[in-house]
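The block underneath contains the structure these notes are about, expressed in structure tokens.
All of the numbers you see were taken from the coordinates with simple rules; none came from a lab. This structure is a prediction, so every number in the text was calculated from the model and none was measured. In this analysis, Cβ positions are derived from the backbone assuming ideal geometry, glycine residues included, and neighbour counts consider all displayed protein chains.
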Amino acid sequence: MELRRSMLFIPGNSPGMLQNGGVFGADAVILDLEDAVAPNEKDAARILVAHALNNVDYGASEKVVRINPLDTFGHEDIKAIVPCEPGALMVPKVQTAEDIKKVVELVAAAERTGQKAVKIVALLETPQGIHEAYNIAKADQRVVALALGAEDYTAALGAKRTKEGTEIFTVRSMIVNAASAAGIQSIDTPFTDANDEEGLLQDTIVAKQFGFKGKMAINPRQVDVIHGVYNPSDTDIEWAQQVIEALRKAEAEGSGVASLNGKMVDAPIVSRAHNIIFLAQLLGLRKEIE
Amino acid sequence: MSSLIKTAQAGTLESGDIMITIAPATTEGGVLLDLDSIVLAQYGTAIRKTILDIISELGVTDIYIKAVDRGALDCTIKARTLTALGRAGVVCEGELL
């Protein structure tokens, strides 16, 4: 499974930003053809992003393109972008599983022979889309993540968007649960005040507590803050190593039950410890982990 | 071809971009490229070649192109040239990439 702690939006019609998108260390860059591009510049952005995909080195960042909805410029976007081998398309305003199936049909038709299958990140930003989250997540095996777009969602509700995010408490839970039930990732809505680093930190901590696997970012400065929250801390890694050691010891002693500091080490604890060690190894945080 | 060309523009004057303006050929005909660039001395020849290669590949023989470069990468120059040609009616949608 790909790491998507941070997914950084890059405006699709800005060559200066597109050519530097790979230097910020985000797990994914989202080259944006939708909200970041004026309607009369959609053609220019589409061609520019296609050329960027073919020529710009985005390093280890996954290349994701946010296309326009199918009822606007989505068909043209898919036809032009898919052959350029993005890792995934982010599909905005997904309302039903049928929306995903239509996109998948177009993507399959646009893929070149032998091309790696283009994945899909479904952006849920309407009440209906949230309601259908699980069906959307299960609509096709190309769907690898559900992402929450809270700005449009709260606008549709007529609710005021706040930094505390109480108005999106329920939808955060719904998306995380639907994605988890479908066995895919969940990505949190971006924190839109790029100058409020403390606010971003708190919002990311909350997102992680909810169970989101990552967060979208609208400014390169946000990437390190998000990673700081999602990377396992030294304490986490030490704890995880102790859990694994306790488990090994119990197995060596022929005991069916392991314990650590007087607490039983059961399956969920072991699973969490394995996840922490996997992430730490992937990120090169502790090389001595066995 | 030149009689079918509409005046059109693509790109911006922001750093890393190039603004391409396309118009029907002058009365003398032929391909005329007027290039202004912040890196003209270093990359002028390469930028001209990138633009003129596209024009040539599309079989356009009569056209006026004004290009104002602000340090665009080769892929940006190609993208903006194709966008301008598309908007000018020189190439059809689907041939732009």
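Net charge within 12 Å of B:ILE77 by Cβ-Cβ distance, Lys/Arg positive one each and Asp/Glu negative one each, not counting B:ILE77 itself? Residues near B:ILE77 contribute +1 overall. Size check on the range A:48-120: the Cα extents along the three principal axes, sorted descending, read 34, 24, 20 Å. Take each residue in A:50-63, count the other chain C-beta atoms within 10 Å of its C-beta, and the mean is 2.
Scaled against the 2.2 N^0.38 Å expected of a compact globular protein of N residues, the Cα radius of gyration of the protein assembly as shown reads 1.17. Against chain A, whose longest principal axis is taken from its Cα atoms, helix A:221-230 shows a tilt of about 30°. Taking Cα atoms only, the orientation of helix B:74-87 departs from the longest principal axis of chain B by about 30 degrees.
Kirkwood hydrodynamic radius computed over the range A:141-224 comes to 13.2 Å, based on all pairs of distinct alpha carbons. Relative to the longest principal axis of the Cα atoms of chain A, helix A:97-110 runs at roughly 70 degrees.
By a straight-distance test (C-alpha under 13 Å), which aspartates and glutamates pair with A:LYS213 as possible cross-link partners, with residues fewer than eight away in the same chain excluded? In chain and number order, the partners are A:GLU2, A:ASP27, A:ASP188.
Sum up the charges of everything whose Cβ sits under 9 Å from the Cβ of A:LYS163, counting Lys and Arg as +1 and Asp and Glu as -1, but leave A:LYS163 out. Computed value for this residue: -3.
Note on the protein assembly as shown: antiparallel DSSP beta bridges, both residues inside, total approximately 25 percent of the bridges counted. The mean number of partner chain beta-carbon atoms within 10 angstrom of a residue's beta-carbon across peptide A:178-185 is 0. Roughly how many whole Å is it from the C-alpha centroid of the range A:228-251 to that of the range A:170-196? Value for the Cα centre distance between the two parts: 26 Å. Within the listed set A:GLY129, A:GLY114, A:GLY165, the Gaussian network model of chain A (springs between alpha-carbon atoms below 10 Å) gives the highest mean-square fluctuation for A:GLY114.
Taking a cut-off of 16 Å, what percent of all Cα-Cα pairs in the range A:234-283 are separated by more than that? Roughly 35 percent, once rounded to a whole number. Electrostatic tally near A:PRO15: other residues with Cβ closer than 14 Å to its Cβ, Lys and Arg +1, Asp and Glu -1, net -2. Relative contact order, whole percent, for the range A:6-230 stands at 17, derived from Cα pairs under 8 Å and 6 or more residues apart. Structure remark: mean-square fluctuation, Gaussian network model of chain A, C-alpha springs under 10 Å; the largest value among A:HIS274, A:HIS227, A:HIS75 belongs to A:HIS274. Partner aspartates and glutamates whose Cα lies under 15 Å from the Cα of A:LYS138, excluding those fewer than 8 positions away in the same chain, are identified as A:GLU98, A:ASP99. Projected label points at A:ARG112 and A:ASP266, each 7 Å from Cα along the beta carbon direction, are separated by 5.3 nanometres.
Considering only B:THR50, B:THR81, B:THR27, the Gaussian network model of chain B with Cα springs below 10 Å gives its largest mean-square fluctuation to B:THR27.
State, as an integer percentage, the relative contact order of chain B based on alpha-carbon contacts under 8 Å between residues 6 or more apart. That works out to 41 percent.
Within the same chain, lysines fewer than 8 places from A:LYS42 are excluded, and of the rest, those with a Cα less than 25 Å from its Cα are A:LYS63, A:LYS79, A:LYS93, A:LYS101, A:LYS102, A:LYS119, B:LYS6, B:LYS66, B:LYS78. Under 12 Å from a label point set 7 Å out along the Cα-to-Cβ vector of A:GLU98, no amide N atom of the range A:127-145 is found. Were the residues from A:GLN128 through A:GLU151 laid out at 0.36 nm apart, the gain over their Cα-Cα distance would be 6.8 nm. In the calculated pair distance distribution of the range A:6-230, what percentage of Cα-Cα distances lie above 30 Å? Value for the range A:6-230: 17 percent of Cα pairs lie more than 30 Å apart. Distance between the pseudo-spin-label points of A:LYS138 and A:ALA159 (7 Å out from Cα toward the beta carbon): 2.5 nm.
Placing unit charges on the Cβ atoms only, positive for Lys and Arg and negative for Asp and Glu, gives the protein assembly as shown a dipole magnitude near 400 debye about its Cα centre.
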